[in-house]
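Below is one structure, written out as structure tokens, with a few remarks after it.
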Amino acid sequence: MLGFLIGEALRDLHRAGRVAVAAILLTTLSLAALGGFWLVSTNVGQAAEQWRDRVRITVFLKQEPSAAETDELVDRVQAMPGVAAVRYVSKSEALGTLKEVLGKDASVAEQLPTNPLPASLEVMLNEQGATPEGARGLITRLSELPETDEVSGGMDWVDRLARGRRLLDVIGLGIGAVLAVAAILTVTTATTLVLHLRRQELEIMRLVGAPELVVRLPLLLQGMLQGLLGAVMAIWVLIAVYALAGPHLEPLVNQTLGLERLTFLKPHTVVGLMLAGTMLGGFGGWLARGRTAP
Amino acid sequence: MIELHRVWKVFSVGPVKVPALSDISFRVAKGECVTLHGASGAGKTTLLRLLYREELPTEGDIEVLGCDVPALRVREVAALRRSIGVVFQDAKLLPGRTVYENVAFVLRVLGTPRREITPRVFDALRRVGLSARAQAYPAQLSQGEAQRAALARAIARKPLLLLADEPTGSLDESMAGEVIDIIKDIWARGTTVLFATHQARLAAALHQRTLHLLSGRLVKDEG
């Protein structure tokens, strides 16, 4: 029986002709748009994660502590929630770093009468500290230390990156949703057309007492098949775009976001897109049945 | 098998009420072959449609195969129809399918096991004399052949009751005779038959009980 129903669904799909093709293409378009934004969002998110791992908070000290005071201060900071590691940077080490940065102009630093650079603590964040709220709390606690002159660094721009990613998600979902509605309506139209073409068959089915499921299922399957085909095509489009454009975009992405290479959608996302397409098509098929039910 | 008690069917055309059937009562026993005779517009088709619940009566009781037809729910209507074969004047064959596929289609949608379909289709086609035309499409059939194919489709399901609505209406005398012979054969094998016709000669040809309808009223029950 299932073979017969699937056969009928394929026959209906063939009968719907160009309208079915339009429905499949619209599903492709909507899911490709959704998947495309998802792809960009995934990579931006990955960059945000990567940068979050590299975030440091620098605590500039009022004066250079003694060796014993340094150990005690480092232990105190290390014990704060959100801190993964603490490194003490002395005034002389800071000057050394400045000279390295200046390179051939390092002699400028040597002409200074005294070392103007403050000693500092470089604070690396753990998972708890690498959140906007965690970092803000830690910065407050570090600012309240009596030894602290100034605290710099934080999560602001990582926050902005994360907000940008969320905006991308919303735009992607919005465009995807509009196109998905169009795809549902087209699938509904294709299925309604098939219903019109099949009116004699449906009449015979009703007259001989065919179970409602047998009448309904091929229409639902037809819609689901259109949705699934659209989703598979959308994934092909994304793979093709990724394979063709990826190598050209990687240097740019590397410079701007610091990502070594772009990543494609994860397998569960691909499966999710296929399921979304199938459900979208099934919904279209179901709507058509509802509109023409006797 | 069939029992109607004081059945009325009134159609509303705007504010106007048009009675199609008025106070119809009769019984058909299991295994009977009954002809429903009346001129066009006498109410034959409406009466048959009431029996397979394509229409609901305005008033009255209808019992078919032990079911209180007007009270049936949708699922129960489908179950009732599985026991009834219906044949129409226009045959209602599916144009995109061969004769074989037309007969097999109803068996498939009713969930007949695959291995049983081909033997049952060919048995039905043999009984109506269409075995050689199994691969023909409806457009390639004569009207008589199309009507026989429709009969094959109805009997392949082995119905308990056959309702034939003017199956000979558009056929010439010899073709109509062939269809009548097939209906007699179906009845002889135990199926209860209700055969509607406007042709008095065909009603007589069955040599069975005849119900005469006139303007929606049952005016005579003879035989």
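The values are calculated or read from the model by the stated rules, or taken from the named source; none is laboratory data. These numbers come from a predicted model, not from an experiment. So basically every Cβ, Gly included, is an ideal-geometry build from the backbone, and we count neighbours across all protein chains shown.
Could you check, for region A:79-89, whether at least one of its residues is part of a helix (DSSP H, G or I) and surrounded by fewer than 16 Cβ atoms within 10 Å (Cβ to Cβ)? It would help to see each step written out before you state the result.
Applying the first criterion (part of a helix (DSSP H, G or I)) to region A:79-89 yields none.
Scanning region A:79-89, I find no residue that is part of a helix (DSSP H, G or I) and surrounded by fewer than 16 Cβ atoms within 10 Å (Cβ to Cβ), so the answer is no.
Against the test of being farther than 23 Å from B:P167 by Cα, of a type in the set (V, I, T) and outside any strand (DSSP E or B), the options B:V18, B:V77, B:V10 yield a single qualifying residue, B:V77. Residues in region B:94-106 that are farther than 15 Å from A:G7 by Cα and more than 9 Å from chain A (Cβ to nearest Cβ): 4 in all.
Taking the criterion of being surrounded by 13 or more Cβ atoms within 10 Å (Cβ to Cβ), more than 18 Å from A:V40 (Cβ to Cβ), within 14 Å of chain B (Cβ to nearest Cβ) and modelled with pLDDT under 85, would at least one residue in region A:184-194 satisfy it?
Residues of region A:184-194 that are surrounded by 13 or more Cβ atoms within 10 Å (Cβ to Cβ), as a first pass: A:184-194.
With more than 18 Å from A:V40 (Cβ to Cβ) added as a condition, the list becomes A:184-194.
Still in the running and within 14 Å of chain B (Cβ to nearest Cβ): A:194.
Restricting the remaining residues to those that are modelled with pLDDT under 85 gives A:194.
The answer is yes, given that some residue of region A:184-194 is surrounded by 13 or more Cβ atoms within 10 Å (Cβ to Cβ), more than 18 Å from A:V40 (Cβ to Cβ), within 14 Å of chain B (Cβ to nearest Cβ) and modelled with pLDDT under 85.
Scanning region A:1-32 for residues that are basic (K, R) and within 13 Å of chain B (Cβ to nearest Cβ) turns up A:R11, A:R15. For region B:47-74: of the residues being in a helix (DSSP H, G or I) and more than 16 Å from the chain's Cα centre (by Cα), which is nearest to B:A29 (Cα to Cα)? The residue in question is B:V69. Against the numbered list (1) within 11 Å of chain A (Cβ to nearest Cβ); (2) among the polar types (S, T, N, Q); (3) in a loop (DSSP other than H, G, I, E, B), B:Q135 comes up short only at (1).
Given the condition within 14 Å of another protein chain (Cβ to nearest Cβ) and in a helix (DSSP H, G or I), answer yes or no: does some residue in region B:154-173 qualify? Give the steps one after another, and end with the answer.
Taking region B:154-173 first, the residues within 14 Å of another protein chain (Cβ to nearest Cβ) are B:154-165.
Among the residues that remain, those that are also in a helix (DSSP H, G or I) are: B:154-155.
Checking region B:154-173: at least one residue is within 14 Å of another protein chain (Cβ to nearest Cβ) and in a helix (DSSP H, G or I).
Looking only at residues in region B:53-82 that are small (G, A, S) and surrounded by 17 or more Cβ atoms within 10 Å (Cβ to Cβ), which one is modelled with the highest pLDDT? Filtering first and then ranking leaves B:G60. Among the residues of region A:205-214, at least one is within 40 Å of the chain's Cα centre (by Cα) and within 13 Å of chain B (Cβ to nearest Cβ).
Residue check: is B:G144 in contact (Cβ under 8 Å) with a residue 12 or more places away in the chain, part of a loop (DSSP other than H, G, I, E, B), more than 18 Å from B:T192 (Cα to Cα) and under 22 Å from the mean Cα position of the chain (by Cα)? It would help to see each step written out before you state the result.
On the way: in contact (Cβ under 8 Å) with a residue 12 or more places away in the chain: yes; part of a loop (DSSP other than H, G, I, E, B): no; more than 18 Å from B:T192 (Cα to Cα): yes; under 22 Å from the mean Cα position of the chain (by Cα): yes.
Considered against the rule, which asks whether it is in contact (Cβ under 8 Å) with a residue 12 or more places away in the chain, part of a loop (DSSP other than H, G, I, E, B), more than 18 Å from B:T192 (Cα to Cα) and under 22 Å from the mean Cα position of the chain (by Cα), B:G144 comes out as no.
Could you please find all residues in region B:200-223 being modelled with pLDDT of 85 or more, part of a loop (DSSP other than H, G, I, E, B) and of a type in the set (S, T, N, Q)? First the steps, then the outcome.
Here is the first cut: in region B:200-223, the residues modelled with pLDDT of 85 or more are B:209-221.
Remaining after also requiring part of a loop (DSSP other than H, G, I, E, B): B:215-216.
B:S215, the sole residue that qualifies.
For A:T114, the conditions (1) assigned to a loop (DSSP other than H, G, I, E, B); (2) surrounded by 14 or more Cβ atoms within 10 Å (Cβ to Cβ); (3) β-branched (V, I, T) are fulfilled apart from (2).
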